[in-house]
Every structure is written in structure tokens, then in C-alpha cells.
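Contents: one structure, followed by commentary.
The values are calculated or read from the model by the stated rules, or taken from the named source; none is laboratory data. Nothing here was measured: the structure is a model prediction, and the numbers come from that model. All Cβ positions, even for glycine, are placed from backbone atoms using ideal geometry, and neighbour counts span all protein chains on display. Remember, those area values only see protein heavy atoms, side chains included, never the ligands or the DNA or RNA. Shrake-Rupley method; radii C 1.70, N 1.55, O 1.52, S 1.80 Å.
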Amino acid sequence: MEEFASWRANGRRFTHRGHQIFYRDDGGGADGTLLCIHGFPTASWDWHLVWPGLCERFARVLAPDMIGFGWSAKPRNYQYSIADQADIHENLLREQGVDRVHILAHDYGDTVAQELLARDAERRAAGDESLVIESVCLLNGGLFPETHRARLVQRLLASPLGPVFSFLASERAYAASLSAVFGPDTKPTREELEQFWTLWCGKRGKRNGHKLIRYMGERPKNRERWVGALRDTVVPLRLIDGLLDPVSGAHMARRYRELIPNPDVIELPKVGHYPQVEAPADTLSAFLDFHATRVGHRTT
């Protein structure tokens with residue numbers, strides 16, 4: 001638990017719409033700025049096992065807890081949306097004086113990255129270089145609404161019973177649901193599950209689960225924009241996919257190959273939904289290889 005406490009103690013904060021947003025800011029390498037975008041229902045802590053390797057490569061590595069998650073503010077009366085989460089990341093980059101950035105995203109963060117890519121395309125079309133995305137690497141996530149296989153807990157949160165379910169959900173149910181999306185041989189430890197629960201419940205956060213889950217409804221409504229952002233981008237892309245993920249595993253990787261031109265896919269056959277937690281060495285290697293072979297020569 002010492003490392004978990006240290007992650008929080010070494011974080012910084014900035015203000016978004018009057019609310020405090022937690023983020024980590026480290027680095028020491030030479031390859032520009034990397035933005036790490038976490039998933040649902042966890043937080044930036046998801047990156048801690050690959051963090052040293054990322055910081056060794058990149059001059060700066062930024063990883064915020066999105067609003068409603070982790071150690072960031074979790075306001076009850078708030079309009080949570082993918083667009084607003086994208087605003088948070090752009091605001092952080094601009095506040096820090098970053099105008100060129102690489103992205104590593106997972107799960108819910110993939111959808112945020114898709115919105116950021118759509119905005120990047122709009123800026124490029126307008127000749128606006130105030131913020132340029134240089135590369136995007138995606139881990140398991142619901143990139144295509146038609147392939148997203150929502151878990152029972154997600155469907156309950158999104159249902160009319162969502163507010164009640166958010167309030168009553170127990171740590172045991174949370175742990176069972178989260179553990180089920182990991183591979184059979186890469187299950188989270190009891191300590192890891194306790195950490196995930198702490199991040200979810202801190203600041204009475206679990207009461208907002210039914211509001212945060214609304215992103216599932218946003219995906220089909222914005223499919224043309226978000227899938228189009230992947231299909232049409234000039235930015236180098238790579239997908240690293242844990243094939244045993246019941247939510248966005250092998251079936252999602254197949255759809256990615258069908259829809260994305262010149263698909264660059266790295267498959268992790270024994271891994272589930274959390275590659276960066278279940279197989280951090282393999283995930284880091286695949287990401288750094290992408291950066292070195294497909295991105296490095298383009299970095300400015």
C-alpha cells in the first residue's frame with residue numbers, strides 16, 4: 001500500500017469548471033510528452049506498473065484522474081460526458097504549455113481519445129497547430145458500439161435502477177465484476193481489488209456510477225464522429241488488445257481490422273481487459289516498439 005499512497009502524495013492538481021482534478025506529472029526521457037487516459041471505473045493508478053518505463057522514454061508523462069474518478073473531484077450535480085472529459089485533458093495540456101502530445105489510452109479513455117482525435121482532425125483542417133496529436137495507442141476499449149459487450153453491472157448502472165444500484169453496490173460485488181474481465185491466469189490480487197475499490201468509493205464516488213456510465217449511450221449517438229476519427233486520422237495508431245477480455249477482446253480486434261485502414265494490432269492472447277495491469281512488461285514493450293518504429297521518426 002506504500003506505493004499506492006505515494007502515487008497520491010506525488011500528484012498535482014488543477015482546476016476544471018471549479019473542481020479539483022488530480023494528475024501525475026513525471027518524466028525524464030527525450031521523446032516529448034505522453035498523455036495517459038485511464039478507463040472506467042478506475043483511475044490513473046492503472047498506469048503505475050508501466051509508469052517507470054514510460055517516464056524513462058518520455059520527457060513528460062501526464063496522467064489525470066478524470067472528473068468523477070480516483071482522487072479527482074466527484075461532484076454529484078454534474079453533467080458528466082465524454083466531451084467534458086476531453087476538455088479536461090486539453091485544458092491540462094494547454095495549462096502546462098504542451099502543444100504536441102502522444103496518447104496512450106484504455107477503455108473509457110479510448111472513447112475520450114477518439115473525441116480528441118476528432119478535434120485534432122478539425123484543427124488540422126483549419127490550419128490550427130495550437131495542439132497537435134502525434135500518435136495514439138489504444139488498449140482494450142469500446143471503440144465500436146456494435147462490438148461492446150456490456151457487463152451486467154454496467155447494464156444495471158445504465159438502467160432506471162442505476163441510482164439505487166450505485167448506492168447499494170458492495171465491495172464484494174464490485175470486486176467480482178472487475179475480476180471477471182481479467183484473464184483466468186492474470187486475476188487481480190486482493191490488494192489490487194481493494195485499491196480499485198478505494199479509488200471508486202473515495203469522496204462518495206460510487207453514488208455517481210449511474211451518471212458516469214452514460215458514456216455507453218453516447219457511443220452509438222456519436223459513432224460516425226468517433227469511429228470516423230479512427231478511420232480517417234493521419235495520426236499513427238496502434239491497438240494493443242488482450243484477447244480474453246469478454247468486453248472488448250478478440251471480437252473487438254477483429255472489427256478493428258475490418259474498419260481501420262492498415263490496422264496495426266498487437267494481440268496479447270492470455271490477457272483480459274487490463275493489459276497494463278495483467279501483462280505490464282508485454283504492454284510496455286508493445287507500446288515502446290510502436291513509438292520507436294512507427295512514431296519516432298515523425299516526432300518533433
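Semi-axes of the equivalent ellipsoid of the range 1-92 are 23, 15, 11 Å, computed as sqrt(5λ) over the eigenvalues of the C-alpha gyration tensor in descending order. Taking every alpha-carbon pair under 8 Å whose residues sit at least 6 apart, the range 140-294 reaches a relative contact order of 32 percent. Surface composition of the chain: carbon plus sulfur atoms hold 51% of the accessible area, using a 1.4 angstrom probe and ignoring ligands, DNA and RNA. Model label points for residue 285 and residue 203, set 7 angstrom from Cα along the Cα-to-Cβ axis, are 3.8 nm apart. Alpha-carbon geometry of the range 180-260: the Rg and the Dmax are 16.4, 42 Å, given in that order. Take the Cα of residue 2, step 7 Å toward its Cβ, do the same at residue 76, and the gap between the two points is 3.9 nm.
Annotation: amide H-H contacts under 5 Å for residue 271 (H modelled 1.01 Å from N, sequence separation of 5 or more, or interchain): 243, 244.
What is the chain's relative contact order, in percent, from Cα pairs under 8 angstrom and six or more apart in sequence? Mind dumping the intermediate values first?
Numbers: 535 pairs, mean separation 60.1, N = 300.
With pairs under 8 Å counted, the relative contact order is 20 percent.
Per residue, the chain reaches -12000 deg cm²/dmol at 222 nm when only DSSP H runs of four or more residues are counted, each adding -39500 (n - 2.57).
Estimate the FRET efficiency between residue 267 and residue 91 by the formula 1/(1 + (r/R0)^6), using the beta-carbon distance for r and 51 Å for R0, to the nearest 0.05.
Details: r = 35 Å, r/R0 = 0.68.
Efficiency for this residue pair is about 0.90.
Plainly put, the range 247-300 has a radius of gyration that is 1.01 times its Kirkwood radius, both from alpha-carbon atoms, as the Rg/Rh ratio. Surface exposure of the chain, expressed per residue as accessible area with a 1.4 Å probe, stands at 41 Å². In order along the range 102-111, the Karplus-derived 3J(HN,Hα) couplings, from 6.51 cos²θ - 1.76 cosθ + 1.60 at θ = phi - 60°, round to 9, 10, 10, 10, 8, 6, 3, x, 4, 5 Hz, and Gly and Pro are given as x. Residue-wise HN-Hα couplings along the range 276-282, as the Karplus relation 6.51 cos²θ - 1.76 cosθ + 1.60 with θ = phi - 60° gives them from phi, are 6, 9, 7, 9, x, 5, 5 Hz; Gly and Pro carry x. Candidates 37, 48, 288 compared by Cα position along the dipole of the chain: farthest toward the positive end lies 37, with charges placed on Cβ. Pairs of C-alpha atoms in the range 75-160 farther apart than 14 Å represent 71 percent of all such pairs.
Note on the chain: Lys pairs 8 or more places apart or on different chains, Cα atoms under 22 Å apart, count 6.
Close amide H pairs (under 5 Å, H built 1.01 Å from N) link residue 61 with 26, 27, 34, residues at least 5 positions away or on another chain. Starting from the coordinates of the alpha-carbon atoms of the chain, obtain the Kirkwood hydrodynamic radius over all distinct pairs and give the value in Å to one decimal. Result for the chain stands at 19.1 Å.
In the neighborhood of residue 265, defined by Cβ-to-Cβ distances under 15 Å, what is the net charge if each Lys or Arg adds +1 and each Asp or Glu adds -1? Working shown, then result.
Working: positive: 231, 238, 254, 255, 257, 294; negative: 110, 241, 245, 258, 264, 267, 282, 289.
Value of the local net charge: -2.
Using the reciprocal of the averaged 1/r over all distinct C-alpha pairs, how large is the Kirkwood radius of the range 67-115 in Å? After inverting the pairwise mean of 1/r, the radius is 11.9 Å.
Phi angles across the range 50-56 convert, under the Karplus curve 6.51 cos²θ - 1.76 cosθ + 1.60 with θ = phi - 60°, into 3J(HN,Hα) values of 9, 4, x, x, 5, 5, 5 Hz, Gly and Pro given as x.
Once you have the Cα-Cα distance between residue 223 and residue 172, take 0.36 nm times their residue separation minus that, and quote the gain in nm to one decimal.
Numbers: separation 51, 0.36 × 51 = 18.36 nm, distance 3.41 nm.
Net length gain for the segment: 14.9 nm.
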